[in-house]
Amino acid sequence: MTVLRRLLLVEWSGLALAIAVGVVVLALISPNFLTEFNLYVMLRSFCVGLLVGFAQMVTLGVGQMNIAVGAIGGLVAIAFGGIMEKLGVPIILAVPVALLIGAGGGLINGLLTVRTGINGFIITLATASAFTGINFGITQSIPFYKMPAPLVAFGERHIGIFPYLLVAPLIVAAVLSLFFARTVPGRQLLAFGGNAQAAELSGIARGKVVVLAHVLSGTLAAIAAVLAVAQLGSAQPTIGADWLLLSFAAPIIGGAALTGGYISVLGTMFAVVLIALIENGLVLAKVDPYWVQFLLGALILAAVGLNRWRAVTAGAG
Amino acid sequence: MTEEAIGDVSVQRRRATIGGGPAQLGLFVILIGFWIFFSSLAPGFLSSFNLFNLGREVARDIVIGFAQMVVLATGGMNLAVGSIGVCAVMTAGTLMQTFALPVPLALAGALLLGALLGWLNGFAIVRSGVNSFVITLASANLFSGAMLILTRAVPLNALPPEVGAFGRLKLAGSVSPLLVIALVIGAALFVLYRYSTLGRRILAAGANPRAAAMSGVPVNRVIVISHTLSGLLAAVAGMMVVARLGAAMPAVGGEEWLLPSFLGPVLGGTLLSGGAVSVIGTVLGAALVTTLRSGLLVLQIGSYWLQLFLGLILLLAVLIDRYRGLYAERMRVVRSS
């Protein structure tokens, strides 16, 4: 086995290489790339993106999918902004309420999926529409602009290239790594995703793990929404509207198995870095922003192809 | 229950659902109910102007539903229906406006492109063995991205006047020819699934791919054909939008078609697991969605709450379908015991 081959078998190696190449190329072609401001802007967009990716990753882990990640995000964002602006709820109280709404949305998804036995895709497609409907019905598409100053400051402040916002995704990433690697529910979730029948025969309750995954997914989407509000400085009803592709792209490019049972926190992080790098590069190179969509589609296909090749190679070797 | 009995149920059920069964009858009653409700609250609902518009929208929604239904029949799904639709729209616009091709030629080109993109989806799914969700999620963005890059998202609104005139054409007072086209396509699909070998093969492959393969059904080819057909139908829906607007807009289709594409077939009783479709159900499902949209608009509830209603109705429909299935099974067990 050649060195290259062995390297490609590690799931995030290809990503690390792509990121390294991307950084070098961008640094060479654009003098603006390595400026403090540009790197800060990139890291800021990384924060929300990573949580969106995580929100989908946990449902993929259990062999489900959550089409409603963006819809939950949008609903949480306007609820979070709304209770602060209209009811004067302090941030310290508004954040837990926001997370509870997200978890509640996930709970609805999970319970409906488990109780009815209907495909999670169609359930979350329906709830996504319902959540978005509530969002637009309440706001009539008008954003909440008056966010508390400390929240806006938290969204803007930075130390060097590192935004304060970065604290949240890093903590979440560490917690998720521990959860999936070391805790009983985390292992059960992946075991169920890997082989539902075997997991059930070894005493894992199907209902519990699927609901848990959806609740986690909703909560992570809610954290993403809170960060998005802090970053934008206003609660826009359109937050989450464009999360669908990103939510699947990040974990899949990061090496998650679509059939469930295998996910990579580190891989998902690298994937989001790569996506942020591509978006930034296209802006710096003044290329049409439409290329982002095209390239993300191509990247997903490439990642799926690479994963298959890896599975075949690993199976043969 | 023996294996044979189970097979018997699924065959009976399939026969019932290609045409109309209890689910479709229920849907029809609900549809009539909404019509009475909306027309009694808002007399404008039954005006010939509103009926004409309703007909044009139903036509598009029916064909979008068909585009998803033909893939659901194989147990897959196509998230790229909207993207293929908008690619066809912009292709038709470019051929007519930039290249000044005659309208029929431009239409043929757009439909061909739709079929080709659908074929690409099917080919990639069969070749890679990856599920259709991920492949079409990726390809949807590839297609839409490529379209936006090539057209720079500029609307084409200097199309030949015949196009818009066809969209405004009224048959017998207030019926749009678009609706007639949609129903003719429906009749063709009905014949395909009920009477043709290909149709039976598609359903067999969707119900149980392994059993179908063992009985000599070329499962992969059937999947590719279904996706090609889906792309073609998505392009037809795109052409209907071009006729209605009299222009080629890059903002039509895309993710906006995702929910309607599933609503029609699922409300109509098409199974997500494959193997059973209902052409009439899809028509009724699409009609229900369009009726609600139009009715809420006439009642001036506004489009903001519409999505909530659509989501709840989809949930309700799948729940009812689920429990009806369970109930039917229980009755059968009771009878046979």
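All of the numbers you see were taken from the coordinates with simple rules; none came from a lab. All of these numbers come straight from a predicted model, not from anything done at the bench. Ideal geometry is used to build each Cβ from the backbone, glycine not excepted, and the neighbour counts take in all protein chains shown.
Fewest neighbouring Cβ atoms within 10 Å first, the residues A:LYS146, A:LYS86 line up as A:LYS86, A:LYS146. For peptide B:314-323, the mean count of partner chain Cβ atoms within 10 Å of a residue's Cβ comes to 4.
Converting the Cα gyration tensor eigenvalues of the stretch B:42-303 into ellipsoid dimensions via √(5λ) gives semi-axes, longest first, of 30, 23, 16 Å.
The simple spin-label model puts a point 7 Å past each Cα toward its Cβ; for A:LEU39 and B:SER215 those points are separated by 6.4 nm.
Annotation: extensible slack from A:ALA198 through A:LEU284 equals 25.9 nm (criterion: 0.36 nm per residue apart, minus Cα-Cα distance). When each full DSSP H helix of chain A is screened for a Cα extent of at least 27 Å along its own axis and an average Kyte-Doolittle hydropathy of at least 1.0, the helices passing are A:36-61, A:91-116, A:120-139, A:206-232, A:265-284, A:290-316.
Peptides A:272-283, A:92-103, A:68-79 ranked from most to least packed give A:68-79, A:272-283, A:92-103, packing being the mean of other C-beta atoms within 10 angstrom over each peptide's residues. Using the Cβ-Cβ distance between A:LEU178 and A:ALA311 with R0 set to 35 Å, the FRET efficiency works out to roughly 0.85. Between B:ILE301 and A:ALA241, the modelled labels are 2.2 nm apart [label points 7 Å from Cα along Cα→Cβ]. In terms of the Cα gyration tensor, with a ≥ b ≥ c the square roots of its eigenvalues, is the protein assembly as shown rounded because a/c is under 1.5, prolate because a/b exceeds b/c, or oblate? Rounded, because the longest to shortest axis ratio a/c is under 1.5. Under 14 Å from a label point set 7 Å out along the Cα-to-Cβ vector of B:THR98, the amide N atoms of the stretch B:228-258 belong to B:248-250.
A cut-off under 15 angstrom between Cβ atoms defines the neighbours of A:GLY110, and their net charge, with Lys, Arg +1 and Asp, Glu -1, is +3. Taken residue by residue and averaged, Cβ atoms of other chains lying within 10 Å of the Cβ of A:292-300 number 6. When the chymotrypsin sites (Phe, Trp or Tyr not before Pro) in the stretch A:88-166 are filtered for DSSP coil states and for at most 14 other beta-carbon atoms within 10 Å of their beta-carbon, the remaining sites are A:TYR145. Phi-derived couplings, Karplus 6.51 cos²θ - 1.76 cosθ + 1.60 at θ = phi - 60°, listed residue by residue for the stretch B:253-270: x, x, 5, 5, 8, 4, 5, x, 5, 8, 4, x, x, 5, 4, x, x, 6 Hz, with x used for Gly and Pro. What the Cβ-Cβ distance of A:THR259 and B:TRP35 gives, at R0 = 45 Å and to the nearest 0.05, is a FRET efficiency of 0.50.
Each residue of chain A gets 142 Å³ once the volume of the Cα convex hull is shared out per residue. With neighbours defined as other Cβ atoms within 10 Å of a residue's Cβ, the residues A:TRP309, B:TRP257, A:TRP12 order from fewest to most as A:TRP309, A:TRP12, B:TRP257. Of all stretches in chain B that contain no trypsin sites (Lys or Arg not before Pro) in a DSSP loop with at most 15 other Cβ atoms within 10 Å, the longest one is B:171-337. Shielding value for B:130-139 is 5, the average number of Cβ atoms from other chains within 10 Å of each residue's Cβ. The residues neighbouring A:LEU165, those whose beta-carbon lies less than 11 Å from its own, together hold a net charge of +1 under the Lys/Arg +1, Asp/Glu -1 convention.
Here the relative contact order of chain A, from alpha carbon pairs under 8 Å that lie six or more residues apart, stands at 34 percent. Sorted on the mean count of surrounding Cβ atoms within 10 Å across their residues, most packed first, peptides A:260-267, B:174-181, A:216-223 read A:216-223, A:260-267, B:174-181. Counting other Cβ atoms within 10 Å as a rough exposure proxy, the listed residues A:MET269, A:MET42 run A:MET42, A:MET269 from fewest neighbours to most. Each peptide in B:270-276, B:48-54 receives the mean, over its residues, of other Cβ atoms within 10 Å, and ordering these scores from highest gives B:270-276, B:48-54.
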